[in-house]
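Notes follow the structure.
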Amino acid sequence: IIFATGNEGKMREIRLILADLGLPILSMKEAGAEPEIVENGSTFGENATIKAMTIHKVTGKSAISDDSGLCVDYLDGRPGVYSARYQGEDTPYPEKIAALLAELKDAAPEERTARFTSAICFVGEDSTPHLFEASCEGTIGYECRGENGFGYDPIFYVGERSFAQLSGEEKDAMSHRGKALRLFAEELPQLLK
């Protein structure tokens, strides 16, 4: 299965979560497929489908993709589907995080609710997309904490700890991507028939 990502953090997570399936999961680069993918969907599900269908069409192989992001209630769901492109696609995450925290400077503690949402799309040999979506509720902290994770993990708190303070296993057990991938893994034997 080719995973439509160039994000090494996502590759680590998916390989760990789907390890029990015993299937080789290749990144686009490992599969020699790095097409230009235009993520112009208005939802995580639409973008995940665009990515998986693109890789499937280019390679003729089964493909899986993830589109995920951070939705902050105080910001009316932003950055949402634009999470990776927030403040510019090439802007480093520490700068994205600083900008997001600045936008929340007047938010009261109870107004800092947020969620990570993930849409996983699988396209098998029959070219039919199958979508699996899940979320993880949390809050946006006032500062970065933790050395693990990637992206917005240092400011996304579940309880007293940020995603970046959790071990990989702890994060996978509760994360949006972990939940969506487990839904996918449950259905995969049927999808491969």
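The values are calculated or read from the model by the stated rules, or taken from the named source; none is laboratory data. The structure displayed is predicted, hence computed values, not measured ones. Cβ placement follows ideal geometry from the backbone for every residue including glycine, while neighbour counts extend to all protein chains displayed. Remember, those area values only see protein heavy atoms, side chains included, never the ligands or the DNA or RNA. Shrake-Rupley method; radii C 1.70, N 1.55, O 1.52, S 1.80 Å.
Observations on the structure shown:
- Whole-number accessible area per residue in Å² for the range 58-193, which is evaluated in the context of all protein chains at 1.4 Å: 49 Å²
- The mean sequence separation of alpha-carbon pairs under 8 Å and at least six residues apart, normalised by the residue count of the chain, gives a relative contact order of 20 percent.
- Both numbers refer to the Cα atoms of the range 34-193; Rg and Dmax are 16.5, 53 Å.
- Among the GluC sites (Glu not before Pro) in the range 134-193, those placed in a DSSP loop whose Cβ has at most 14 other Cβ atoms within 10 Å are 143, 147, 160.
- Apportionment of accessible area to carbon and sulfur, the chain, percent (1.4 Å): 50 percent
- Computed from Cα atoms, the angle from the helix 44-59 axis to the main principal axis of the chain rounds to 30 degrees.
- Taking every lysine pair in the chain that is 8 or more places apart or spans two chains, those with Cα atoms closer than 17 Å amount to 11.
- For the range 109-161 and the range 40-77, distance of Cα centres in Å: 14 Å
- Alpha-carbon geometry of the range 1-41: the Rg and the Dmax are 11.1, 33 Å, given in that order.
- Principal-axis tilt of helix 176-191 within the chain, Cα atoms, nearest 10 degrees: 20 degrees
- log10 of Debye I(q)/I(0), alpha-carbon scatterers only, for the range 34-103 at 0.18, 0.20, 0.25 Å⁻¹: -0.74, -0.85, -1.08
- Across every pair of non-identical alpha carbons in the range 110-193, the mean reciprocal distance, once inverted, gives a Kirkwood radius of 13.9 Å.
- Rounded tilt (10° steps) of 8-17 against the dominant C-alpha axis of the chain: 70 degrees
- On a per residue basis, the convex hull of the C-alpha atoms belonging to the range 74-160 measures out at 125 Å³.
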